[in-house]
1. Could you count how many residues in region 414-440 are more than 22 Å from Phe485 (Cα to Cα), surrounded by fewer than 19 Cβ atoms within 10 Å (Cβ to Cβ) and not aromatic (Phe, Trp, Tyr)?
2. What do you reckon, is Ile708 buried (at least 22 other Cβ atoms within 10 Å of the Cβ), modelled with pLDDT of 95 or more and either more than 23 Å from Gln627 (Cβ to Cβ) or over 34 Å from the mean Cα position of the chain (by Cα) (or both)?
3. Would you point out the residue of region 781-812, among those that are more than 31 Å from the chain's Cα centre (by Cα) and open to solvent by 40 Å² or more (accessible area, probe 1.4 Å), that is farthest from Pro758 (Cα to Cα)?
4. If Ser556 meets every condition in (1) out of contact with any helix residue (DSSP H, G or I) (no Cβ under 7 Å at 6 or more places or on another chain); (2) at pLDDT 90 or above; (3) of a type outside the set (A, V, I, L, M) apart from one, which number is that one?
5. Among the listed residues Glu317, Glu366, Glu298, Glu303, identify the single one that is touching a residue at least 12 places away in the same chain (Cβ under 8 Å) and assigned to a loop (DSSP other than H, G, I, E, B).
6. Might you let me know whether region 667-680 holds any residue that is over 21 Å from Tyr607 (Cα atoms) and open to solvent by 10 Å² or more (accessible area, probe 1.4 Å)?
7. Does region 699-710 hold any residues that are out of contact with any Lys or Arg (no Cβ under 9 Å at 6 or more places or on another chain) and either among the small types (Gly, Ala, Ser) or without any contact (Cβ under 8 Å) to a residue 40 or more places away in the chain (or both), and which are they?
8. Residue by residue through region 54-70, note down the ones that are in contact with a Lys or Arg (Cβ under 9 Å, 6 or more places away or on another chain) and open to solvent by less than 10 Å² (accessible area, probe 1.4 Å).
Amino acid sequence: MSSENPAPLEPFHMRNKLAQTMAYLFITSYANEWPSFFDDLLGIAINPISNARGVDMYLRILKVIHEEIGDHLILRTPEETKRNNVLKDLVRERAMTKLASSWMNILEYYSNNDPATNNDNNTTSNSINDNNNSINSIGINSTNNNSNINSKENLYDSILTSALNVIGGWVSWIEITLIVNPPYLSLIFNQLGRPSQRLAACDALAEIIAKKMQPSHKLELIGLLNLTTVLAELNKTSKGSTDPEFEERVAKLSNIVGLELVHIADGTTTVTSGAACSQQDMDKAEQLMVDLLPTILEFLSNEYDDTSVQVLPCLNEYLQFIRREAKKERSTAGGTDSSLSTQRLEIVSVMLRKIILKMEYDDSTEWSGGEDESEGEFLELRGKLKVLQDQIAGIDADLFTDGMASIINTCLESANNKKWQEVELGLYELSAFGDSIRNGSIKSSRAEQTFFDLFSKMVHSDVVTINHPSIQLWYMELINRHSKFFTPQQPQLLSKALEVFVSPLGVHNPNIKVRVRSWYLFHRFLKTVKSLVGDISQQVFSSLAPLLVVRAELPSSDNDSEMSADSASDSVFDAQLYLFELLGLLFANADDNQARTPTQQLLQAIYSDIERCLSSSNGTDSSPEQQQLILQVHHNLMVLGTFARGFDDVTISGGPVGRSASKPSIQELKGSTQVILVVLERLSKFQIIRDSARFAFSRLIPLLGTQILGEISTLIGALLNESKQEEFGDFLSFLGQLVHSYRQEDGVFEMFGSLAPPLIEKVFVFLNSDKSSTGGELDGSTDAFILKRDLRRQYLQFVFNVLNNGFGAIFLVGNNGSTTFGAVMESLFHYAGDLTDPNAEKLAIASLGKMMTIWGTGEIRADTTTPTVKAFAEGMKVPVFSDGQTILEQYSQACWTLPSKSGYDSKDAQIRLVLGELATLQKIVFEQKKDVYSSFLAGYLSRLGLPQNICQEYLTQLAQLKPKEFKKYFTDLVVRMSS
């Protein structure tokens, strides 16, 4: 084919694959078999240099070689790292000078002979910016001369870009002087003026600047390149361009230069390079940084956040440097006042203003509450800028306080005449100011007083009336977050806040996001200030009444044959529950006569709705209408439980169950238990009904105490019969709550005595079954594994709770007592040695220790570690623990056979924790059995093959060491023996 119509280039993926193959060949043969690899490659590929296809392939090969042996971002094995270091040493010794020279020649030739600069029909503005697309389009064959010129232009552009990429990659591990010389750098700088190459040129320069070297050499390099001036000029050039990516790349280059200067000034480069840096060089570096800062701050203020974010690392490092210097100077001066120089003070002040302004929403940005992706990225940038603000707060508290006060005051004054973005910024900064005080970034009484004044000004201002959801949300968020400011000395603040919450600006807001969020915030706020509000229950109840109508909505997705807990999930309803808890809190805090009537009204509305649903339900979920009825009942039961939780927070938190059961308003709740049982009788086959019934009872138990024992027994019977494997763990947790709540009640102990055999039997059915609750095979999936693991842990936690609350005898009483007790003991010894689940192991070991503590003498006795807990069936014989040899054999096996199990690894931190628990278990056994255990252990350890001196040492340490010391001794001993 003639030169007028050259053959099309091979597809880029074929060229990349060939380059990859050659790179792998280099790795395997360069050290010994093919030491002339680069000489041969240079001779074939770029001789002559006008062989554009050969040069293209040559650069592709070098790029892959760097990726394989020099790229520090790729994790490698120690063997690969060692091999790569050897190859790099050989390259530096044999070929590096020739390679660096070839890159320079390529840059020079293809810059001077680029068709883009010689073709009259093409201008710079029409050059191709997307290099990847250029490469993809090279393979198009055309007989049109202009097309040939464009194809050649694309290839030349690709070569120049590849050469810059190779230089940027290889410079990190070659001698820097091969690149850093005026002719070479001039060629690289020239590429900054070429639209197609300027991105790659920026990257190459960034890599050159970032190369590790001595501080003085780094300063010399930055001075040689005159980078502060160059970057300022590039910033001006990028502003006039329509290429945001170029602006971003120049910002990245500026950031790297700034980081290097800061690291010289603060001594970091001295540490990393091992070369000393004079104070003169440090001062020079800081001055260069000061010269560069206007450019960096312009990038920070750029309209594109992707550009702004590039310079944040540099600013963060510089502020940390100034903060350390200020702290050092204050320490030297022996004072706490600002000791910043005038220059640094001015710089920090300007930076604070720039940072604050960058936090403002752009005019084109639509507020979505963080749901929009672009807004989410902006909020992420805000968080990073907040870190810079906190740095400034630590540098000079007064400067920070004045800066924040200025922007916040500006926002609050004549707020209705400002854009919502300006007002939102002020409220955001008020929140940030408070956070900075709370997290200790600023420690100043002046700052605290200023913040309180600004907060009070916000509360009393009309800023909340601005019709924008973000402003209304910030107002209520700030009130809730700083509720400590509402004191008896500030009644006007509280009055204003309550007025806003119950108005159309708060809980009745037309915006769904604001309305739903305000429900939670109002609940949290009133929970904090309940002692200050007086009896406002009736007024709040009247205001909230329209919001208390419960409407269950089915999820849009297809439902399973049985309604699951997922189908009950509803974010609006979940938020609505806060209103019911809020009312419970207010009614409990109110006078009994005032609270009883609204409590009756609220409960009666719920009961009536449940009755309506039950009368319309046929007991199935065969249609959407029936499913909606079931979900509505679920929601009403959740309301009952949540309403009761509000009472619990006020009346008896921390006290015994049923302490306030005689209060009239709480007595009104007793009828809820009968309603729940009626629902359960009709709809117990639905999991969401069982879940909500269990939830409601768990909230009523602390209020009503022993008054509802009969109802609890009925509930447990229904849940035990109907609960599936997926919910049985929650059922066990509920039973554990009952045991703890009624740990002094004989009737509850008797109830659990009857419950224990069928309960334990069902637990083991689930734990040992290969089938799910629906009858399908468990597929070994992660979900199935987690389900069984969680049930196992909840079962062991239940056993421990039973023992710890004096109910241990429930495993012994009744007709099936011995069977139940044997099954529980067998499971505990099994799980105590199950290395697949260390958490279950620790729970099983803790339960075995508790058994030994209360039954170690062979009969039930009170636990001396919990003297307030009643021991039921005290004095009852426990034959297994009377037979010393058998039980000691079982306990000793649990403690000493662990290292022989599959999966044991003495270096595993979890296993070492388990060993510590086993050591504690042995101390417990020794405390109960004393010489009997020592005598048994002497023989047992001898049978295990332990040397006599080790056995004797172990028995001595067991008797003499304190538990914490023995734990370390036993762990070290087992680890040493297993090694």
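The values are calculated or read from the model by the stated rules, or taken from the named source; none is laboratory data. Note that the structure is predicted; figures quoted are calculated from it, not measured. Ideal geometry is used to build each Cβ from the backbone, glycine not excepted, and the neighbour counts take in all protein chains shown. All accessible areas refer to the heavy atoms of the entire protein, side chains included, with ligands and DNA or RNA removed. Shrake-Rupley method; radii C 1.70, N 1.55, O 1.52, S 1.80 Å.
1. 7
2. Values: buried (at least 22 other Cβ atoms within 10 Å of the Cβ): yes; modelled with pLDDT of 95 or more: no; either more than 23 Å from Gln627 (Cβ to Cβ) or over 34 Å from the mean Cα position of the chain (by Cα) (or both): yes.
Here the answer is no, as Ile708 does not meet what is asked.
3. First pass over region 781-812, keeping only residues more than 31 Å from the chain's Cα centre (by Cα): 799-812.
Restricting the remaining residues to those that are open to solvent by 40 Å² or more (accessible area, probe 1.4 Å) gives 800-801, 804.
Details: Phe800: 18, Asn801: 18, Asn804: 21 Å.
Per the criteria, the residue is Asn804.
4. (2)
5. Numbers: Glu317 fails: assigned to a loop (DSSP other than H, G, I, E, B); Glu366 fails: touching a residue at least 12 places away in the same chain (Cβ under 8 Å); Glu298 fails: assigned to a loop (DSSP other than H, G, I, E, B).
Answer to the selection: Glu303.
6. Within region 667-680, the subset over 21 Å from Tyr607 (Cα atoms) is none.
Taking every residue of region 667-680 in turn, none turns out to be over 21 Å from Tyr607 (Cα atoms) and open to solvent by 10 Å² or more (accessible area, probe 1.4 Å).
7. Gly710
8. At the first step, the residues of region 54-70 found to be in contact with a Lys or Arg (Cβ under 9 Å, 6 or more places away or on another chain) are 56-57, 60, 69-70.
Listed by number, the residues that qualify are Asp56, Ile69, Gly70.
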